[in-house]
Amino acid sequence: MSIGHVIGGALDVAASVDSPEAWRAFADNLEQYLGDRHRGALAIMALMTLPDARRNEAMQAVIRRYGAPQPVLENLTSEAKFWASNASPQELRAYTFAAYQAMPADMRANFDRYINSKAKEASK
């Protein structure tokens, strides 16, 4: 029997029964028959098919269970740019506000000057 038949059959059972135990058994089949790379690709593709709200719920569940990703400290600026480029507008607003509120007064003043100078440049 091919891997596709085994995985397909396990998925059919899990979707039909739709219980935590059935989904755990499906996950066990994935682990047994697919390597890490293939399971990772499957997870990413499955997440990409979800509507935003459901994808966020799924990601929150992963973060609750395994913790938030840790930044790579070697190049924090490029890591921050990467995360920001993938954030939703709501996330950008929330993170920006939280970071701004957490800044010491002198850093906030420098940030304000920087933003005001960029606004003046843009209005020219």
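Annotations for the structure displayed:
- Annotation note: Cβ proximity below 7 Å between a residue of the stretch 38-49 that is free of Cβ contacts under 8 Å to residues at least 40 places away in the same chain and outside the structural domain of A61 (by TED's automatic domain parsing) and a residue that is of a type outside the set (F, W, Y) and outside any loop (DSSP other than H, G, I, E, B) (sequence gap 6+ or interchain) occurs for no pair.
- Test: residue in the stretch 100-108 that is assigned to a helix (DSSP H, G or I), under 24 Å from L30 (Cα atoms) and of a type outside the set (V, I, T): no
- The test for being assigned to a helix (DSSP H, G or I) and more than 27 Å from Q90 (Cβ to Cβ) does not hold for R64.
- A25 being touching a residue at least 12 places away in the same chain (Cβ under 8 Å), surrounded by 13 or more Cβ atoms within 10 Å (Cβ to Cβ) and outside the structural domain of N86 (by TED's automatic domain parsing): yes
- Looking only at the stretch 45-57, residues that are surrounded by 10 or more Cβ atoms within 10 Å (Cβ to Cβ) and either closer than 17 Å to L11 by Cβ or of a type in the set (D, E) (or both) come to 4 in all.
- Residues being outside any helix (DSSP H, G or I) and of a type in the set (S, T, N, Q) - total across the stretch 70-99: 2
- Only one of the listed residues (S16, S78) is modelled with pLDDT of 95 or more, exposed (fewer than 11 other Cβ atoms within 10 Å of the Cβ) and either small (G, A, S) or over 18 Å from the mean Cα position of the chain (by Cα) (or both). That residue is S16.
- Selection of the stretch 81-112 for residues being exposed (fewer than 10 other Cβ atoms within 10 Å of the Cβ) and either touching a residue at least 40 places away in the same chain (Cβ under 8 Å) or not hydrophobic (A, V, I, L, M, F, W, C) (or both) yields S85, N86, P89, Q101, P104, D106.
- Those residues of the stretch 16-30 which are closer than 16 Å to L42 by Cα and among the hydrophobic types (A, V, I, L, M, F, W, C), in sequence order: W23, F26, A27, L30
The values are calculated or read from the model by the stated rules, or taken from the named source; none is laboratory data. Keep in mind that what you see is a predicted model, and the values were worked out from it rather than measured. Don't worry about glycine lacking a Cβ; one is built from the backbone with ideal geometry, like all the others, and counts go over all protein chains shown.
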